[in-house]
Amino acid sequence: MPKYNLIIFDLDGTLLDTSEGIYKSVRYAETKMGFLPIDEQKLHFFIGPPPVEMYKKIYGVDDATAQKATSYHREYGRTKAIYEAIPYKNIRFLLAKLCEKSYKLAVATLKQQEIAETLLEMYDLKKYFNIIVGMNAQETYTKSFLIEQAIKKAGTNNAAVMIGDTVYDEAGAREVGIDFISVSYGFGFSNAEALCSEPLEILNCLGY
């Protein structure tokens, strides 16, 4: 009998390579806000955590200013970044296999709900998922809250596992009390730190 009946995926860096769009969203927000541009090497800090937190941390601004910067960040995401994503190799094959094995599949992402659903539909991934949970308009949800909502909607009583590419995904899973599978093909973990270096290795972690 399978250990899990729900598999929850992060979106950025796990299902889709969205780095180009995220980096350009930051540059767009910088221009709109009149911020001094940060070094290229710092752009990757925006992949994973809530952007409000990163604008406060990286630019040293207050919450209201960070919220305004995030609104521009999201604006670019809705209008342009959605066209700049790339599905990871073999991700569709993996999702199809998991559906064949009768798992429920969910997405828990810090992208706003509308953007997440649009991205998944655009890149022909939405059809694989029973549940999609994204950020609210007020930018107040945490990763652990999103994971909890996915579990609640699936009615699995925590027979679930989270799959993601950053420590934020891992921390969210731990806070909720479910297992975590790390991947290194995204943005957060190195090959030495992660269980899976490419999507099909996730099947091995699930016992196939």
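Answer with yes or no whether L94 is in contact with a Pro (Cβ under 6 Å, 6 or more places away or on another chain), under 19 Å from I7 (Cβ atoms) and in a helix (DSSP H, G or I). Judged against the criteria, L94 is a match. The residue that is farthest from P51 (Cα to Cα), counting only those in the stretch 163-173 that are of a type outside the set (V, I, T) and in a helix (DSSP H, G or I), is A173. Within the stretch 49-59, is there a residue that is touching a strand residue (DSSP E or B) at 6+ places or on another chain (Cβ under 7 Å) and either closer than 21 Å to L119 by Cβ or open to solvent by less than 60 Å² (accessible area, probe 1.4 Å) (or both)? There is at least one residue in the stretch 49-59 that is touching a strand residue (DSSP E or B) at 6+ places or on another chain (Cβ under 7 Å) and either closer than 21 Å to L119 by Cβ or open to solvent by less than 60 Å² (accessible area, probe 1.4 Å) (or both). When residues in the stretch 80-105 are screened for being open to solvent by 80 Å² or more (accessible area, probe 1.4 Å) and over 11 Å from P199 (Cβ atoms), 7 of them pass.
Restricting the stretch 108-162 to residues that are touching a residue at least 60 places away in the same chain (Cβ under 8 Å) and in a helix (DSSP H, G or I) leaves a set whose member that is farthest from the chain's Cα centre (by Cα) is A154.
If only residues of the stretch 22-46 that are surrounded by 22 or more Cβ atoms within 10 Å (Cβ to Cβ) and touching a residue at least 40 places away in the same chain (Cβ under 8 Å) are counted, the one that is nearest to K111 (Cα to Cα) is I22. Scanning the stretch 190-208 for residues that are modelled with pLDDT of 90 or more and open to solvent by 20 Å² or more (accessible area, probe 1.4 Å) turns up L195, S197, E198, L200, E201, L203, N204, C205, L206. Scan the stretch 157-166 and tell me whether some residue there is open to solvent by 60 Å² or more (accessible area, probe 1.4 Å) and at pLDDT 95 or above. Looking for residues that are open to solvent by 60 Å² or more (accessible area, probe 1.4 Å) and at pLDDT 95 or above, one finds none in the stretch 157-166, hence no. For the stretch 1-26, enumerate the residues that are among the acidic types (D, E) and in a loop (DSSP other than H, G, I, E, B). Answer for the stretch 1-26, where residues must be among the acidic types (D, E) and in a loop (DSSP other than H, G, I, E, B): just D10.
The values are calculated or read from the model by the stated rules, or taken from the named source; none is laboratory data. Since this is a predicted model, take the numbers as computed values, not measurements. FYI the Cβ positions are ideal-geometry reconstructions off the backbone, even for glycines, and counts take in every protein chain you see. Quick note on the areas: whole protein, heavy atoms, side chains included, nothing else; ligands and nucleic acids left out. Shrake-Rupley method; radii C 1.70, N 1.55, O 1.52, S 1.80 Å.
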